[in-house]
Amino acid sequence: MTYKKIILRRGKEESLDRFHPWVFSGAIGHADNNIEEGDLVTVYTSDGRLIGNGHFQIGSIAVRILTFDSTTIDATFYERRLHEAYQLRLALDLQREDNNAFRLVHGEGDFLPGLVIDLYAGTAVVQAHSPGMHYARHQIAQALTSLPCVKNVYYKSETTLPYKAQLEQHNDYLVGSYDTDIAIENGMKFHVDWLRGQKTGFFVDQRENRSLLEKYARSRNVLNMFCYTGGFSFYALRGGAKLVHSVDSSAKAISLTNENVNLNFPDDERHQAFAEDAFKFLEKMPANLYDLIILDPPAFAKHKSALRNALVGYRKVNAKAFEKIGPGGILFTFSCSQAVSKEQFRLAVFSAAAQSRRRVRILHQLTQPADHPISIYHPEGEYLKGLVLYVE
């Protein structure tokens, strides 16, 4: 199939020859007339060599390459890529009786840039991060129905499409209808609010880190800051924590946290939840009350322009945790900001530790799980950074 053409400026193909899937706007020398957002285009070098096919959009990232050859992007293409993604999840043993929640497609990491799909108990929640994937949503939904793990497909992209995209942004069921909002992760039940919740409704990227926390929780007083729907909290309870306090500024998140705790530990008096600003809570809480603290804030920097303020935020929140955590305490601290590198995050935490003048050791360096794979050609896909620290 013939698509409209984009021709690169001379010498701008180097990263693409290394299979990096982004064409930046400054690399384009010439483009056919009347290319619109979401159109499929073929990219060529200045001397006419074919690079591949991808989706066009307005912005810094002008083309997201889907295939580095002349393969047609159609229903068969999506079905093949989705089956490949599903086979990887089967190899990771993520679809089990005690686990039916995982990421099925992780954008560039599954060679489908601009597309994220999380699976919860048979409902595939689809998010488009590019106009091209938005326009392809019905093909994607039909391809999803060929997978044995999918019963329903819910489309949710009102917060993820580029702001420049003049598209109708809506949520709807593309296949099936509302079934159940209860999913299972490592034997723990939880409600998923894919209708109104953040992202796709839950943060499956912390699954393995929650399991690690469970091993440290026994007989500890646990504080789960920025708790959202309480994932770390109910793992801490299962791990034998003496008490677990969950804090989030959103009353809706606190309500979901309480529902999730009650699903797994009904009427458990070890747990309390507080709808409060995290920084204010940390400021007023007594020192040494908690000896296991989780800091898992939302992205402080969604764009590089916010990087400086984000690093200040990470230093500030970690400094307060170092100041207040009890002796022999363990701190799980995270950044999910793609714009913040591992080195920058670690330096922010180091600065906070030095400010506290306490002896701090790194026990674990954490990242996203294997169902959030990182293409070796696209290191930007490594967005989740975490440290587990022992504070004397």
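A few notes on this one:
- For the range 227-249, filtered to residues that are assigned to a loop (DSSP other than H, G, I, E, B) and at pLDDT below 95, the residue that is farthest from E259 (Cα to Cα) is S249.
- Candidate set: the range 288-343, residues that are among the basic types (K, R) and within 18 Å of the chain's Cα centre (by Cα); chosen: the one surrounded by the most Cβ atoms within 10 Å (Cβ to Cβ): K342
- Scanning the range 7-58 for residues that are aliphatic (A, V, I, L, M) and in contact with a helix residue (DSSP H, G or I) (Cβ under 9 Å, 6 or more places away or on another chain) returns L8, L16, V23, A27, L40, V43, I51, I58.
- Filter result (among the aliphatic types (A, V, I, L, M) and surrounded by 23 or more Cβ atoms within 10 Å (Cβ to Cβ)) within the range 246-272: V247, L256, V261
- Residue in the range 49-72 that is at pLDDT 95 or above, out of contact with any Gly (no Cβ under 7 Å at 6 or more places or on another chain), within 12 Å of L16 (Cβ to Cβ) and surrounded by fewer than 19 Cβ atoms within 10 Å (Cβ to Cβ) present: yes
- Taken over the range 322-374, the criterion of being modelled with pLDDT of 95 or more, under 25 Å from A306 (Cβ atoms) and touching an Asp or Glu at 6+ places or on another chain (Cβ under 7 Å) is satisfied by F334, T367, Q368, H372, I374.
Listed here are the residues, each with its yes/no results for (1) hydrophobic (A, V, I, L, M, F, W, C); (2) under 30 Å from Q87 (Cβ atoms); (3) in contact (Cβ under 8 Å) with a residue 24 or more places away in the chain.
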residue: D296; (1), (2), (3): no, no, yes
residue: F322; (1), (2), (3): yes, no, yes
residue: A339; (1), (2), (3): yes, no, yes
residue: S356; (1), (2), (3): no, no, yes
residue: H364; (1), (2), (3): no, yes, yes
residue: P369; (1), (2), (3): no, yes, yes
residue: S375; (1), (2), (3): no, yes, yes
residue: G386; (1), (2), (3): no, yes, yes
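- The range 161-205, residues that are at pLDDT 85 or above and touching a strand residue (DSSP E or B) at 6+ places or on another chain (Cβ under 8 Å): I182, A183, I184, E185, N186, G187, K189, F190, H191, V192, V204, D205
- For the range 181-197, the set of residues classified as under 17 Å from the mean Cα position of the chain (by Cα), under 13 Å from T123 (Cβ atoms) and charged (D, E, K, R) consists of D193 only.
- Meets criteria (outside the structural domain of Y155 (by TED's automatic domain parsing) and more than 19 Å from the chain's Cα centre (by Cα)) for N209: no
- Here D93 passes the criteria (1) at negative phi; (2) out of contact with any Leu (no Cβ under 6 Å at 6 or more places or on another chain); (3) among the charged types (D, E, K, R) except the one numbered (1).
- Residue count for the range 273-285 satisfying the condition of being assigned to a helix (DSSP H, G or I) and surrounded by fewer than 21 Cβ atoms within 10 Å (Cβ to Cβ): 6.
- In the set (1) crowded, with 18+ Cβ neighbours inside 10 Å; (2) modelled with pLDDT of 90 or more, G122 fails one condition alone, (1).
- Selection count where residues are part of a helix (DSSP H, G or I) and among the small types (G, A, S), scope the range 187-226: 1
- Check on V340, within 21 Å of D205 (Cα to Cα) and assigned by TED's automatic domain parsing to the domain that holds F234: yes
The values are calculated or read from the model by the stated rules, or taken from the named source; none is laboratory data. From a predicted model like this one, the values you see are computed outputs, not experimental measurements. Neighbour counts run over all protein chains shown; Cβ positions are idealised from the backbone, glycine included.
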